[in-house]
Every structure is written in C-alpha cells, then in structure tokens.
C-alpha cells in the first residue's frame with residue numbers, strides 16, 4: 001500500500017520541483033554611479049513580464065533579474081536609454097513598458113478608457129432625456145368603480161398582506 005502511494009506521489013513532487021523557478025542571481029551594480037543611476041531609472045519604467053504589476057526594480061522573479069542584468073550590460077556598452085527601451089520592446093512587446101508609446105497598436109490601451117467613459121455618459125444622457133412617463137387620469141367610470149371598491153367593507157381582506165403586529 002505504501003509503495004503504491006509513493007509511486008503516485010513521486011511524479012507530482014518531481015513536477016513541483018522542476019516547476020520551481022531558481023533564485024535570481026544577485027545584482028551587481030555598475031561601477032560608474034551615473035550609469036547605475038540611469039539603470040535604476042530604467043528599472044522603474046520597465047514592467048516585469050512575470051509579475052506584470054511590478055517594476056523590475058521591485059520584482060524578485062528570476063526573469064526580472066535577467067532583465068536588470070541586460071539593461072546594465074547595454075548601458076555599460078554605451079547604449080542610450082531610448083535604445084535600451086527599444087530593445088526591450090523588440091524582445092517583449094509594448095507591454096513591457098509602464099508607459100507604452102502612442103501608436104495604432106496601442107490606441108485601445110490609451111484611449112479605450114476615455115471611450116468607455118464617453119459611452120457611459122451618452123447612455124446616461126439618453127436615459128435622462130426620455131423623462132418619466134406620466135400617468136393617465138382615470139375615466140369617470142373607473143373613478144366610480146374605485147369608489148365602490150373602497151366603500152365595500154364586505155371584501156375579504158388578504159391575510160397574507162397584513163402583519164400580525166399591526167393590531168388587526
């Protein structure tokens with residue numbers, strides 16, 4: 001029995017161990033403080049492709065460490081900040097930047113929220129413009145029938161419509 005249990009659990013444990021991400025290598029800052037300051041500024045503008053809501057400066061993911069290393073290597077090689085951004089966009093797409101460029105492929109990202117807000121405002125204005133429907137007055141015949149119903153005390157009361165606490 002134990003042997004069967006071990007044979008069932010072993011593949012699951014092996015899969016879990018292979019799926020674990022190795023720890024990121026420790027960051028090695030650039031020797032030049034000006035270059036390191038440029039790298040740190042870029043780290044804040046680049047999104048971690050694993051975490052997706054964190055800058056690579058704050059992300060503990062291994063791929064974020066690799067991206068930090070790549071940025072430092074490119075800066076040390078003499079690349080401009082824009083060249084580094086362009087290379088990251090080429091590798092990972094526009095999503096890697098927290099502020100992607102405005103172009104045809106990113107229009108929905110930039111202007112979609114404004115379009116949704118304008119559409120919601122339009123719907124509200126159209127609904128408000130309709131106005132309330134006015135009730136038609138009762139005809140004399142309907143008025144007379146209503147008075148007869150209200151005056152008739154022999155009508156059976158709806159026991160479900162009354163509360164036991166209203167004193168009736």
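Laboratory data are not the source of any read-out in this text; all were calculated from the coordinates shown. All values derive from a computational prediction rather than experimental measurement. Neighbour counts are summed over all protein chains in view; Cβ atoms, including those assigned to glycine, are modelled from backbone coordinates with ideal geometry.
Things to note:
- Counting other Cβ atoms within 10 Å as a rough exposure proxy, the listed residues 49, 133 run 133, 49 from fewest neighbours to most.
- Packing here is the average count of other Cβ atoms within 10 Å per residue, and on that basis the peptides 141-152, 84-95, 59-70, highest first, run 59-70, 84-95, 141-152.
- Mean Cβ neighbour count within 10 Å, used as a protection proxy, ranking 71-80, 38-47 highest first: 38-47, 71-80
- Cα centroid of region 109-132 to Cα centroid of region 76-95, whole Å: 39 Å
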